[in-house]
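For reference, the structure discussed in these notes is given below.
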Amino acid sequence: MDKGCILVTGGAGFIGGNFVSHALKLGYRVLNLDALTYAGGPFVLNDLLRHPEHHFINARIESREIVDTLLREYAPSAIINFAAETHVDRSIDDPGIFVQTNVVGVQNLLDAAVHYQAGLADNESRSFRFLQISTDEVFGSIEGEAATENSRYRPNSPYSASKAAADHLVRAYHTTYGLPTLVTVATNNYGPMQFPEKLIPLMIVKAVREEPLPVYGDGENVRDWLHVEDHCRAVLSVLETGKTGETYNVAGDNLASNLDIVRKICAALDRRKPLTGGAPHEELISFVADRPGHDRRYALDATKLKTCLGWKPEMEFDAGIEQTIDWYLENPDFWKPILGGSYDGHRMGLGKVAVPEVSLARAANG
């Protein structure tokens, strides 16, 4: 059944790619706009490009002319923005690109959406939606009860600050221009096709290569883990039945310390792929200098999403992590080219901001 056309930005990345696949299976036609930065690429797109209802456009969300053309020619009923720079360590090293994509890019999409909706017929205008994908990191480190949709934003990294700014813009465009917006705020995602700079895939591939497993600080930083398939179901539920102007938290109900996660991965790999010599993988764990400004604990309350829209996570974490490990073991063609090319697993986020050489030259010349 044809459910209509949606514009998905960032659909060649980890979460966006999984969502595009999910939406296509359910009968949506998908326009997939992605810049194909280091974290998105051919592997994610391979199966999607063969689907007759998937149309891929290689461009940035800041490209207003391209966004306007797509909206005009394909008349989507919604825009879902997954496009973002997402890795905290990279934001510490180079915050500028995070502001450019996560703030300026979102503002460009919002402007295009306002212009597009103004030209729609009344019934199409009423059904149009703009959905922004956000992160639990906007709430900063959580002490005590989990954050609700009404909790105060207190971002502590350039990444989370850029996402918080985008969320505020989305809400402002709803109030000021009447744009029918929605925001989903999700906890840490995991699952197949995640770029191996994030904790779970990085630990898997390093353990497979029998390399040290770097754990920041004491490893007791707590995160909630949400399987990407559960996240995709939540996003589609919010798109189809959520109330415009509202925010919905999406949580996996799997709070665990980073160290506990690494130990789970080690135990699973002990059973699947023993180390040379037979030692336990846990002996590879190496505690390293902590990330600057490292939030101690994230926790979201997803009661609103569960009670109002009937969503709940279906993937139990132990089963999900086992599935994820198996996927990386079975798909070295995904991660080996990455480690041999755009990213070799090195440490980032040590607190040294990248300064463009041109800026230094200009400063030297007065």
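Could you tell me whether segment 147-166 includes any residue that is within 30 Å of Pro332 (Cα to Cα), buried (at least 16 other Cβ atoms within 10 Å of the Cβ), among the hydroxyl-bearing types (Ser, Thr, Tyr) and at pLDDT 95 or above? Checked segment 147-166: at least one residue is within 30 Å of Pro332 (Cα to Cα), buried (at least 16 other Cβ atoms within 10 Å of the Cβ), among the hydroxyl-bearing types (Ser, Thr, Tyr) and at pLDDT 95 or above.
Matching residues to (1) of a type in the set (A, V, I, L, M); (2) in a strand (DSSP E or B):
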| residue | (1), (2) |
| --- | --- |
| Val183 | yes, yes |
| Met203 | yes, no |
| Glu210 | no, no |
| Trp225 | no, yes |
| Val238 | yes, no |
| Lys243 | no, no |
| Asn249 | no, yes |
| Arg271 | no, no |
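Condition test on Leu110, is it surrounded by 22 or more Cβ atoms within 10 Å (Cβ to Cβ), touching a residue at least 60 places away in the same chain (Cβ under 8 Å), over 28 Å from Ala299 (Cα atoms) and of a type in the set (A, V, I, L, M)? When the stated conditions are applied, Leu110 passes them.
Within this structure, Val215 fails the test of being closer than 25 Å to Ala165 by Cβ, in contact with a Leu (Cβ under 8 Å, 6 or more places away or on another chain), of a type in the set (Val, Ile, Thr) and not in a helix (DSSP H, G or I).
Cβ-Cβ distances below 8 Å connect the following pairs, each with a first residue in segment 17-31 that is within 14 Å of Glu229 (Cβ to Cβ), a second residue that is part of a helix (DSSP H, G or I) and charged (D, E, K, R), and a separation of six or more residues or different chains: Asn18/Glu229; His22/Glu229; His22/Arg233.
Residues considered: Lys336, Lys304. Of these, the only one that is basic (Lys, Arg), assigned to a helix (DSSP H, G or I) and either in contact with a His (Cβ under 7 Å, 6 or more places away or on another chain) or at pLDDT 95 or above (or both) is Lys304. Within segment 228-275, the set of residues being charged (D, E, K, R), under 17 Å from Met315 (Cα atoms) and under 22 Å from the mean Cα position of the chain (by Cα) comprises Glu229, Asp230, Arg233, Asp253. Exactly one residue out of Gln107, Gln117, Gln132 is polar (S, T, N, Q), under 25 Å from Thr241 (Cα atoms) and touching a strand residue (DSSP E or B) at 6+ places or on another chain (Cβ under 6 Å), and it is Gln132.
Can you confirm whether Tyr116 is in a loop (DSSP other than H, G, I, E, B) and either modelled with pLDDT under 95 or touching a Leu at 6+ places or on another chain (Cβ under 8 Å) (or both)? In short, no.
Look at Thr324 and say whether it is on the phi < 0 side of the Ramachandran plot, of a type in the set (Val, Ile, Thr) and surrounded by fewer than 18 Cβ atoms within 10 Å (Cβ to Cβ). For Thr324, the condition - on the phi < 0 side of the Ramachandran plot, of a type in the set (Val, Ile, Thr) and surrounded by fewer than 18 Cβ atoms within 10 Å (Cβ to Cβ) - is not met.
Does Val262 count as over 24 Å from Trp335 (Cα atoms) and either at pLDDT 95 or above or among the hydrophobic types (A, V, I, L, M, F, W, C) (or both)? When the stated conditions are applied, Val262 does not pass them. Among the conditions (1) free of Cβ contacts under 8 Å to residues at least 60 places away in the same chain; (2) more than 18 Å from Met193 (Cα to Cα); (3) of a type in the set (S, T, N, Q), the only one that Ser77 does not satisfy is (1). When Asn58 is tested against (1) modelled with pLDDT of 95 or more; (2) within 23 Å of Leu182 (Cα to Cα), only condition (2) is not met.
The set of residues from segment 276-292 being part of a loop (DSSP other than H, G, I, E, B) and crowded, with 16+ Cβ neighbours inside 10 Å comprises just one member, Arg291. Here Glu210 passes the criteria (1) within 29 Å of Lys336 (Cβ to Cβ); (2) in contact with a Gly (Cβ under 9 Å, 6 or more places away or on another chain) except the one numbered (2).
Results for (1) under 20 Å from Glu85 (Cβ atoms); (2) in contact (Cβ under 8 Å) with a residue 60 or more places away in the chain; (3) within 15 Å of the chain's Cα centre (by Cα), shown as yes or no for each residue.
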residue	(1), (2), (3)
Ser125	no, no, no
Ser141	no, yes, no
Asn150	no, no, no
Tyr159	yes, yes, yes
Ser162	yes, yes, yes
Thr187	yes, yes, yes
Leu202	yes, yes, no
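Within the set Asp295, Asp326, Asp318, the sole residue that is in contact with an Asp or Glu (Cβ under 8 Å, 6 or more places away or on another chain) and modelled with pLDDT of 95 or more turns out to be Asp295.
The values are calculated or read from the model by the stated rules, or taken from the named source; none is laboratory data. As the structure is a computational prediction, the values presented were derived from the model and not from experiment. Neighbour counts are summed over all protein chains in view; Cβ atoms, including those assigned to glycine, are modelled from backbone coordinates with ideal geometry.
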